[in-house]
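Peer 1: What follows is a structure written as structure tokens; I'll ask about it next.
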Amino acid sequence: MIDFHLNGVGKEQDSQHQKELSLLNDRLKLAKGLNPIIEKLKCFQVAIPSWALGTGGTRFGRFPGGGEPSTIVQKIEDVALLHRLNKSSGAISLHFPWDKVENMQELTEIATSHGISFDAVNSNTFQDQIDQPYSYKYGSLCHTDKEVRKLAIDHNKEVIALGDRLGSKALTVWLSDGSIFPGQQDFKSALSRTLDSLNEIYEKLPEDWTLLLEYKPFEPNFYSMVIPDWGTSFMLVSELGEKAKTLVDLGHHLPNTNIEQIVSTLLFGNKLGGFHFNDSKYGDDDLTVGSLKPYQMFLIFCELVKGMNEDPKLDLAWMIDASHNLKDPLEDLIQSVEAINIAYAQALIVDYESLAFYQNQNDATKCQEILQEAFRTDVRPIVREARLQQDGAFDPLRSFRELKVRESLIASRGTHSKATGL
């Protein structure tokens, strides 16, 4: 792993930062000042998925930029680099079988040495692996063939066992199951078989684990998906039991969907399990968080903050799920984590007491003013202060470039090193 020191990078602006922080404190006039917000930001961690550390692509092509992590150990090292800069990326989410190694204990020790923990583990039944006895071409947990379903069920059970050895506490299940053509699949039968399969997986879940069930309206199947929306996921996890929750991927919605209302509804039903952060314009674009819809991100976090205020024990899984087709993957992740922290900080400064008052008065104008006042506030000094108090970088992206981190990775790994996975 490359080593670098942050001493002095960006520090010439420190006096300006302190001035901005003081002005912000005076402007907001929060009863307890900025410290409670800073402390919440310091505790907030967003997991990095192992597959997001390499260059992404489309079905038409992929253009790697060099220095990519070709092993799971190198992926852990890259997450440690990110965490060293932003202090908000202290966990990695593994995907099996992509990230499977013989010595899982050694992998755990390597992660611990870098101060990195393991977030939810992810199963893969959307690809056929080498020497796989049955194909997932026509589905996995929903398949008409019992042997194919058993193969997919056993794989998920194996992922739980691997995650348990790593110290993970959650299994994420995303199914590509569905149909391309009308009449190809009986909807009710496919859903029934899926629920039966999930029940078998759920029975193997350790007591302190959570099963996170994703949904997606289309892709790779374009006529129907077995779990196309939050309602279907909610219905399935409700049938499974208390340890099953719905996972919201921001890109897994049709355009103009009111995601913040979905979040609120899932919180109301005590079935919100976590988030996969990204941004999109058309579908599951997997773009940099906040690059297109920062106000939507803010509104989502407003619902989350209200939920966390109502239930301080609420424990959600946070992860970035993005593809970096053009940008340096690490730079893109730095930008995404920053955007998430900004949205969270903006949501934390909303005057929810006043908002509730004017909501009860049906004063839509004043409600809008309260929300947009927080959204238009530049909270970057608060985010920066939370990072600096943990010895992170003054400006993570600037440090990444000035310290020539990518150049060092290329020198170490070569120009043709490619990340495994998608």
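The values are calculated or read from the model by the stated rules, or taken from the named source; none is laboratory data. What you see is a predicted model, and the numbers here were worked out from it, not measured in a lab. Using ideal geometry, Cβ is built from the backbone for each residue, glycine included, and neighbour counts are taken over all protein chains shown.
Peer 1: Going through Q185, Q127 one at a time, which residue ends up being under 27 Å from G274 (Cα atoms) and assigned to a loop (DSSP other than H, G, I, E, B)?
Peer 2: Exactly one residue qualifies, and that residue is Q127.
Peer 1: Ok, one more. Looking at S354, S417, S412, which is the one that is in contact with an Asp or Glu (Cβ under 9 Å, 6 or more places away or on another chain) and of a type in the set (S, T, N, Q)?
Peer 2: None of the others qualify; the one that does is S417.
Peer 1: For the range 304-315, does any single residue satisfy the condition of being closer than 19 Å to H83 by Cα and either part of a helix (DSSP H, G or I) or among the small types (G, A, S) (or both)?
Peer 2: No.
Peer 1: Another question, then. Go through the range 113-126 and count every residue that is without any contact (Cβ under 8 Å) to a residue 60 or more places away in the chain and either surrounded by 13 or more Cβ atoms within 10 Å (Cβ to Cβ) or among the aliphatic types (A, V, I, L, M) (or both).
Peer 2: Residues that pass the stated criteria total 7.
Peer 1: A follow-up question, please. Among (1) out of contact with any Pro (no Cβ under 8 Å at 6 or more places or on another chain); (2) in contact (Cβ under 8 Å) with a residue 60 or more places away in the chain; (3) crowded, with 22+ Cβ neighbours inside 10 Å; (4) over 16 Å from V263 (Cα atoms), which single condition is C302 missing?
Peer 2: (4)
Peer 1: Pull out all pairs, ordered by first then second residue, where Cβ-Cβ is under 9 Å, the residues are six or more apart or on different chains, the first lies in the range 33-52 and is surrounded by fewer than 24 Cβ atoms within 10 Å (Cβ to Cβ) and at pLDDT below 95, and the second is in a helix (DSSP H, G or I) and not polar (S, T, N, Q).
Peer 2: W51/K75
Peer 1: Give me the helices (runs of 4 or more DSSP H) completely within the range 319-422, filtered to those with at least 3 residues that are among the aliphatic types (A, V, I, L, M), ordered by residue number.
Peer 2: 329-348, 364-375, 380-388, 405-413
Peer 1: Could you tell me whether the range 287-295 includes any residue that is at pLDDT 95 or above and assigned to a helix (DSSP H, G or I)?
Peer 2: Yes, the range 287-295 contains a residue that is at pLDDT 95 or above and assigned to a helix (DSSP H, G or I).
Peer 1: I've got another one for you. Could we say that L141 is of a type in the set (A, V, I, L, M), in a helix (DSSP H, G or I) and either surrounded by 13 or more Cβ atoms within 10 Å (Cβ to Cβ) or out of contact with any Asp or Glu (no Cβ under 9 Å at 6 or more places or on another chain) (or both) here?
Peer 2: No, not satisfied.
Peer 1: State whether one or more residues within the range 130-151 are modelled with pLDDT under 95 and farther than 18 Å from Y215 by Cβ.
Peer 2: Within the range 130-151, one or more residues are modelled with pLDDT under 95 and farther than 18 Å from Y215 by Cβ.
Peer 1: Here is a further query. All but one of (1) of a type in the set (F, W, Y); (2) exposed (fewer than 15 other Cβ atoms within 10 Å of the Cβ); (3) at pLDDT 95 or above hold for F60; state the number of the condition that does not hold.
Peer 2: All conditions are met except number (3).
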